[in-house]
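The values are calculated or read from the model by the stated rules, or taken from the named source; none is laboratory data. On a predicted model such as this, the values are computed, not experimentally measured, just so you know. Counting neighbours? That spans all protein chains shown, and the Cβs are built from the backbone with ideal geometry, glycine included.
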Amino acid sequence: MNPDTLPNGHQLNLQRYTITQLSRQSASYFTYEGHDKAANKAVIIKEYFFENHTKRNADGTLEFDKTISPLFLRYKPKVIKLIEQLSQVRHPHLVEILDYFTENNTVYLVLKKVGGQTLYNMVLKSGALPEKEGVLLLFQVASALEKLHEHNLYHLNVSPDNILISPSGKAVLIDYLMLNESTKFFRWILKSSITSRYTPLEVIHRQQQTGNFSDVYSLAATFYFGLSGTMPLHITERMHNHLPGPQAFNKVISHATDETLMKALSTRPELRFQQVDEFVWDLASQHKNYYQYLHKIDFPLPPEINLTPKHDFNEVVVHAMSNIPWRLIIYLALLGMFFTIAWLLLS
């Protein structure tokens, strides 16, 4: 057990949350499985901890070294402000923030626990995804990114390890760095947390501007892996080596999908799709049913696409039956019966 992690049974936030086990760790945080006593349910608890710059005291508090301490003290209010912004974002394909608080000299996030397996494990076990399945999963994750971008938030940490797939095929983006500005502290977090095979160059280099196009790259790199079963090259390796398209590893991928992914994976930001919706629309234009799926998940459609809602056959029948003038029909039927009886009696 890592001596810097909180032990199982440790309680937080006035004993509301109990740590049950360590789930994962990165260079800038620990993620635990926990239990929420007030709601009586399992949760995920994320604790900011900066590897090689932090040590855990016996009482559970964190002590930062001279490198990180003044920065974290200065920027912690901004971190909390970003968390407050993100906690207001609700989307079916983005993990929900249930709570957040400060304790032990750091910041904690409490997240909804989501079932399923990571996209990485899914591909590792079963191989490359069929093209349609992979594209539809990409659309789900893209819809979560689109929602973040509406709130001027970037994800900057999309990777196969950060996407959970439920047994029913629902994709949920489970982790994010919550960055929306290029401050020294946030860039330091990025430098220590990025999954570089899925991270564009502008995120690694502190001087370059990040944006929605940075998430476009990571989304494309993630589903390059999903559709090919092969991890893309590290971005710095791509400066000197050619990255083959996913079709080179999975021959059944269409040429159009291959081209779209490779455009989104351009090492130069200005050559990529600048917005997530542009990337998604280019993919959707390749199959007549993709727009219907985007409509189903409430993803914005291109202005030139106007889909009329598809109704279930039973709904159509019920709607048609409701518009029939039944009172008039019954009145005419009774009137017909009256004249028939009268004619029979007189004849």
Inset, instruction - Kindly indicate the residue of the stretch 55-72 that is of a type in the set (A, V, I, L, M, F, W, C) and more than 30 Å from the chain's Cα centre (by Cα) and also surrounded by the fewest Cβ atoms within 10 Å (Cβ to Cβ) among those meeting that condition. - result: ALA58
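Quick check on this structure: which one of SER87, SER166, SER143 is polar (S, T, N, Q), out of contact with any Cys (no Cβ under 8 Å at 6 or more places or on another chain) and without any contact (Cβ under 8 Å) to a residue 40 or more places away in the chain? Working first, answer last.
Working: SER166 fails: without any contact (Cβ under 8 Å) to a residue 40 or more places away in the chain; SER143 fails: without any contact (Cβ under 8 Å) to a residue 40 or more places away in the chain.
Residue meeting the stated conditions: SER87.
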Inset, instruction - Write out, first by first residue and then by second, each pair whose Cβ atoms fall under 7 Å of each other, whose residues are 6+ apart or on separate chains, and whose first residue, in the stretch 218-240, is at positive phi while the second is surrounded by fewer than 24 Cβ atoms within 10 Å (Cβ to Cβ). - result: GLY229/VAL123; GLY229/GLY127; GLY229/ALA128; GLY229/PHE249; GLY229/ASN250
Legend entry - Scope the stretch 13-31; condition part of a strand (DSSP E or B) and within 18 Å of ILE83 (Cα to Cα); matching residues: TYR29, PHE30, THR31
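Answer yes if at least one residue in the stretch 98-106 is of a type in the set (Phe, Trp, Tyr), at pLDDT below 90, farther than 22 Å from ILE163 by Cβ and touching a helix residue (DSSP H, G or I) at 6+ places or on another chain (Cβ under 7 Å), and no otherwise.
Of all residues in the stretch 98-106, those of a type in the set (Phe, Trp, Tyr) come to 100-101.
After this cut, where a residue has to be at pLDDT below 90 as well, the list is none.
Within the stretch 98-106, none of the residues are of a type in the set (Phe, Trp, Tyr), at pLDDT below 90, farther than 22 Å from ILE163 by Cβ and touching a helix residue (DSSP H, G or I) at 6+ places or on another chain (Cβ under 7 Å).
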Legend entry - Among (1) surrounded by fewer than 18 Cβ atoms within 10 Å (Cβ to Cβ); (2) not in a loop (DSSP other than H, G, I, E, B) - the single one ASN52 does not satisfy: (2)
Legend entry - Residues located in the stretch 61-84, provided they are part of a helix (DSSP H, G or I), over 14 Å from PHE101 (Cα atoms) and not small (Gly, Ala, Ser): PRO70, LEU71, PHE72, LEU73, ARG74, TYR75
Legend entry - Breaking point among (1) assigned to a helix (DSSP H, G or I); (2) polar (S, T, N, Q); (3) more than 18 Å from SER26 (Cβ to Cβ), for THR102: (1)
